[in-house]
Structure formats: C-alpha cells, structure tokens
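Worksheet: the structure to be examined is printed underneath.
The values are calculated or read from the model by the stated rules, or taken from the named source; none is laboratory data. Since the structure is predicted, the reported quantities are computational estimates derived from the model, not experimental observations. Ideal geometry is used to build each Cβ from the backbone, glycine not excepted, and the neighbour counts take in all protein chains shown.
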Amino acid sequence: MINIILMFLLYAVLLIIQFVIPKYFVCNSIYPNFILMYVVYMALNRGAMKGQLTGFLYGLSWDILSTDIFGTRALSLTIAGYIAGKFNRNLNKDQIATQIIIMSVCLIATHLLLILLYLLIPNDFAKKSIELNSNFFIYLIVNLILTPVVFKILNFFKKHSNSVKFYK
Amino acid sequence: MKNNNNKAVNKVFFILILLSLLLILARISQPVTILRNLTYHFLIPGIHFTSNSFSSSNKFITNMSNIFRVYQENIILREQIVLLTEQLRDYQSVLEENIKLKNLLLLQPPKKTKLLFATIIIREPDHWYKWLIINKGQNCGIKKDMPVVTIMRDNKMCVIGKTAEVYDSTAKIALITNSLFAVPVQIKNADIDCLIEGTDSRYLKLFHVPQSSKLNINDEIVTGPLSSVFSSNIPIGQISEITKTTYDDYAEILVLPYVQKQRIYEVAVIMPAEESK
C-alpha cells in the first residue's frame with residue numbers, strides 16, 4: 001500500500017516537475033526532458049518490461065496534459081523504455097558515458113519517431129510541436145548534460161529509501 | 001527462462017505499441033479533454049505549490065541580486081552624497097556671503113525724495129564759483145548737506161552743490177566748483193570710481209583715476225555710489241581736458257560741469273519726502 005502511494009507521489013512529482021520547471025528554464029523551446037530520463041533510468045535499472053510500461057504510463061500522462069496528437073508520447077516513450085531496457089544487462093549502467101550514450105540513442109529515436117508521426121499524420125499540431133521547432137542539437141546537449149545529474153539524484157534516493165521497494 | 005522473459009517483454013511491447021497507434025489513429029479529443037481536466041484537477045495543487053515555490057525562489061534570487069545591486073548603488077550614492085554635501089557647504093557659504101553683501105548694499109536703502117525748488121537770491125561775484133544763497137531754508141525742511149541740483153535744458157538734472165549753511169528762510173549752497181567741495185564720482189560707461197574736486201574756477205579736477213583706465217574727452221562724469229550726499233548717476237559734467245606726463249600717466253584731468261554751460265536762476269534741493277513740510 002505504501003509502495004503504491006509512494007509510486008503515485010513520484011508519478012505526480014515527476015509530472016509536476018516536467019510541466020512546471022520548464023516554465024522557468026525553457027529557452028528557444030529547449031527544455032529538460034525529465035520524464036524520458038526517468039524512463040531510461042527505470043529501463044536501465046529494472047529492465048525492458050518496467051521501462052516500457054513506465055514509458056507508456058508517463059507517455060500517456062504527458063499526452064493527456066499536452067496538446068499534441070494523443071498517443072504520440074506514449075508511443076515514443078514506450079519505444080525509448082524498450083530500447084534502454086535492452087541495454088539493462090549488457091552495459092555498465094553506473095558509468096556516465098553509458099548513461100549519456102543510451103540517453104542520446106533514446107532522444108534521437110524519440111525525435112525521429114515524432115518527426116515520422118507528424119509527417120504521416122499531417123496536423124496543425126505538427127507546427128506547434130516543440131521538438132520539431134526547436135534546435136534539436138542544443139536540446140540533445142542540454143538533456144545529455146543533465147542526464148548524469150538526474151541519474152545521480154535518482155541513485156541517491158534509491159540508496160537512501162530502503163523502505164521504498166519500488167527501487168530495489 | 002530468459003527467452004520466456006524476452007518473449008513476454010516483446011509481447012507487451014507490441015501490445016503497447018499497438019495500443020499507442022490505436023490511440024493516435026482514434027483521434028479521441030473529447031474523452032481526452034475530460035481526462036485532461038480530471039488529471040489537472042488532481043495535479044493543480046501540486047502544480048500551484050511547485051509554481052509558487054519556483055516563483056518564490058525566483059523572487060528570492062531577484063531580491064538577492066537587487067540587494068547586491070542596491071549595495072553597489074548605495075556605495076555610489078554615498079560618494080555622491082559626500083560630493084553633494086561638499087557642494088552644499090560651498091553653496092551655503094556662498095549664500096551667506098551673498099546675504100551679507102546684499103545686506104551691506106542695503107545699508108542705505110533707497111529713500112523717497114522730492115525736489116524743493118528755490119530761487120537764487122545772492123551770488124557774489126567774488127565767490128562766484130564758491131557759494132550762492134537761495135530763498136528757502138530751515139522753514140521749508142532744508143537741512144545741512146542736502147544735495148542741490150539744477151535742471152538743464154534737456155530736462156535732466158545736474159549737480160550744482162550741497163547745502164552748507166541753513167538759516168530759517170535761506171540756505172547757503174556750496175557749489176561744486178568750490179575748492180572745498182569734493183564728491184566721489186564715476187566715469188559713465190567705464191565703471192571707474194574716482195574723486196572730483198572744485199578748483200574755484202569753472203573747471204573741476206578729477207583725482208584718483210587709475211592709470212590703466214582709458215579716458216576720452218567728453219566722457220560724462222556722474223555721481224558715484226560712494227557718495228554720502230548724492231545718490232548715484234546724477235550727471236556732473238564732461239571731461240574737457242586731459243594732460244599726461246612724459247611717462248604717459250594722467251597729470252591733470254579737467255571736467256567742465258554742466259552747471260557752467262547755462263545760466264542758473266533756480267535750483268532744486270533734493271530732500272527726503274518724509275522730511276518735507
């Protein structure tokens with residue numbers, strides 16, 4: 001029961017951080033993608049199953065809260081969770097280089113997928129999509145710089161929250 | 001076991017992908033709006049809290065930067081205050097000096113005067129350039145050392161002398177040409193202060209003229225502000241002769257008073273308006 005409550009709290013906190021913090025730090029539509037970082041972190045630490053499910057859940061929540069085509073985020077984050085989960089046992093997930101490489105792969109994959117989706121489904125929303133309008137290179141660098149920091153924070157919570165089995 | 005796990009992962013992945021694609025293709029805008037509103041309803045307090053926290057943090061950072069800016073500004077303003085205080089002190093001293101000087105100038109406030117016309121009753125040939133007697137005296141309010149003028153043809157006043165002795169119904173006027181007579185004067189349009197003295201002749205002599213000053217024939221001489229008898233700027237006469245030494249210094253400057261250019265039968269005593277009877 002406590003785990004469910006903590007999971008729900010984490011879910012709410014992450015959504016709030018994702019939708020509130022960029023309001024203060026977004027510059028030229030470049031924003032930190034905390035949800036993707038969390039999905040990748042979950043996939044690396046808990047495997048592809050947890051990763052893709054987390055991706056789908058958070059993607060769906062993002063779709064609900066955003067004005068983009070419904071389902072696009074769910075699809076992209078599910079794929080990101082799946083890809084990152086595949087590296088679960090093959091790579092040393094505690095190395096910064098590994099984290100950055102996997103994160104960059106996921107970022108590029110989700111970006112290309114979004115471009116493909118917007119090309120296949122022409123919509124007015126396509127013009128408004130942040131990813132398509134932003135400078136992707138800077139977006140990538142910003143998120144790759146933040147990735148080790150976010151992973152460190154999540155590791156810190158994982159180590160110091162022994163009661164939260166969600167992380168174990 | 002591992003293969004089974006992978007298969008399960010792949011199956012779930014395909015199901016999730018299919019589900020996502022179905023959601024994309026379904027274009028379910030209306031139910032999503034309801035869901036969005038519901039989610040926002042639950043997340044709003046948290047969003048508000050986080051937003052307020054960040055706003056407060058931003059305000060705190062802004063305030064801190066403002067404090068630093070204000071501190072720097074304060075230093076600059078303090079320096080300016082010191083500078084301005086010095087300037088204010090200077091200004092105060094100048095103001096005090098100005099007040100003192102004004103007070104000094106106002107020691108003799110301008111008096112209201114009036115002219116008392118009198119007729120010359122005696123002018124002795126032996127003392128032609130020294131004295132004359134008028135038909136008004138103490139009874140008319142005339143006192144000693146009152147300035148006496150005459151009206152010229154162009155209706156301007158010119159100095160004739162001052163009252164030297166006053167009797168009940170007559171007064172003796174010491175003429176400006178009297179050798180005992182001296183009055184501080186100015187050379188008009190030159191702002192040169194000097195002294196003029198009578199010579200018991202038709203000319204007056206100008207003394208204490210600065211050697212650096214440039215005088216010309218026909219320069220007008222008027223009473224100066226240093227005179228205790230006459231008010232300023234009453235015409236006296238014009239320079240008629242300038243004699244210089246071999247060293248180009250002024251040896252003698254003779255002035256022909258206006259009073260000598262016309263016949264005088266009447267004079268006017270300038271007297272204070274409140275003292276007239």
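Assorted remarks:
- For the stretch B:115-122, the criterion of being crowded, with 21+ Cβ neighbours inside 10 Å and assigned to a loop (DSSP other than H, G, I, E, B) is met by none of the residues.
- Residue in the stretch B:21-42 that is within 60 Å of the chain's Cα centre (by Cα), surrounded by 12 or more Cβ atoms within 10 Å (Cβ to Cβ) and within 8 Å of chain A (Cβ to nearest Cβ) present: no
- Output for the stretch A:39-60, where each listed residue is more than 7 Å from chain B (Cβ to nearest Cβ) and over 10 Å from residue A:77 (Cα atoms): A:41, A:42, A:43, A:44, A:45, A:46, A:47, A:50
- Condition met for residue B:135 (among the polar types (S, T, N, Q), without any contact (Cβ under 8 Å) to a residue 60 or more places away in the chain and within 29 Å of residue B:150 (Cβ to Cβ)): yes
- Residues in the stretch B:250-262 include none that are within 36 Å of the chain's Cα centre (by Cα), among the β-branched types (Val, Ile, Thr), over 27 Å from residue B:124 (Cα atoms) and not in a helix (DSSP H, G or I).
- Some residue of the stretch B:44-52 being within 14 Å of chain A (Cβ to nearest Cβ) and modelled with pLDDT of 85 or more: no
- Of all residues making up the stretch A:59-84, the number that are touching a residue at least 40 places away in the same chain (Cβ under 8 Å), farther than 20 Å from residue A:140 by Cα and in a helix (DSSP H, G or I): 2
- Residue within the stretch B:40-63 that is in contact with a helix residue (DSSP H, G or I) (Cβ under 6 Å, 6 or more places away or on another chain), closer than 30 Å to residue A:58 by Cα, of a type in the set (Gly, Ala, Ser) and part of a helix (DSSP H, G or I) present: yes
- In the condition set (1) facing chain B (nearest Cβ under 7 Å); (2) modelled with pLDDT under 85, residue A:63 is compliant with all but (1).
- Some residue of the stretch B:189-211 being in contact with a helix residue (DSSP H, G or I) (Cβ under 7 Å, 6 or more places away or on another chain) and not in a loop (DSSP other than H, G, I, E, B): no
- Evaluation of residue B:84 against the conditions (1) surrounded by 11 or more Cβ atoms within 10 Å (Cβ to Cβ); (2) modelled with pLDDT of 85 or more; (3) within 14 Å of another protein chain (Cβ to nearest Cβ); (4) out of contact with any helix residue (DSSP H, G or I) (no Cβ under 7 Å at 6 or more places or on another chain) shows that the sole unmet condition is (3).
- Some residue of the stretch B:211-218 being crowded, with 19+ Cβ neighbours inside 10 Å, within 30 Å of residue B:125 (Cα to Cα) and either assigned by TED's automatic domain parsing to the domain that holds residue B:257 or touching a residue at least 60 places away in the same chain (Cβ under 8 Å) (or both): no
- Options B:104, B:22, B:84, B:116: the member that is closer than 30 Å to residue B:225 by Cα and free of Cβ contacts under 8 Å to residues at least 12 places away in the same chain: B:104
- Residue, modelled with the highest pLDDT, within the stretch A:18-38, restricted to residues that are surrounded by 17 or more Cβ atoms within 10 Å (Cβ to Cβ) and facing chain B (nearest Cβ under 10 Å): A:19
- Within the stretch B:54-63, the set of residues being under 21 Å from residue A:19 (Cβ atoms) and more than 9 Å from every other protein chain (Cβ to nearest Cβ) comprises B:56, B:59.
- Hits in the stretch A:89-108 - residues which are surrounded by fewer than 18 Cβ atoms within 10 Å (Cβ to Cβ) and either touching a Lys or Arg at 6+ places or on another chain (Cβ under 7 Å) or in a loop (DSSP other than H, G, I, E, B) (or both): A:89, A:90, A:91, A:92, A:94, A:95
- The listed residue being part of a helix (DSSP H, G or I), under 54 Å from the mean Cα position of the chain (by Cα) and surrounded by 10 or more Cβ atoms within 10 Å (Cβ to Cβ), out of B:94, B:9: B:94
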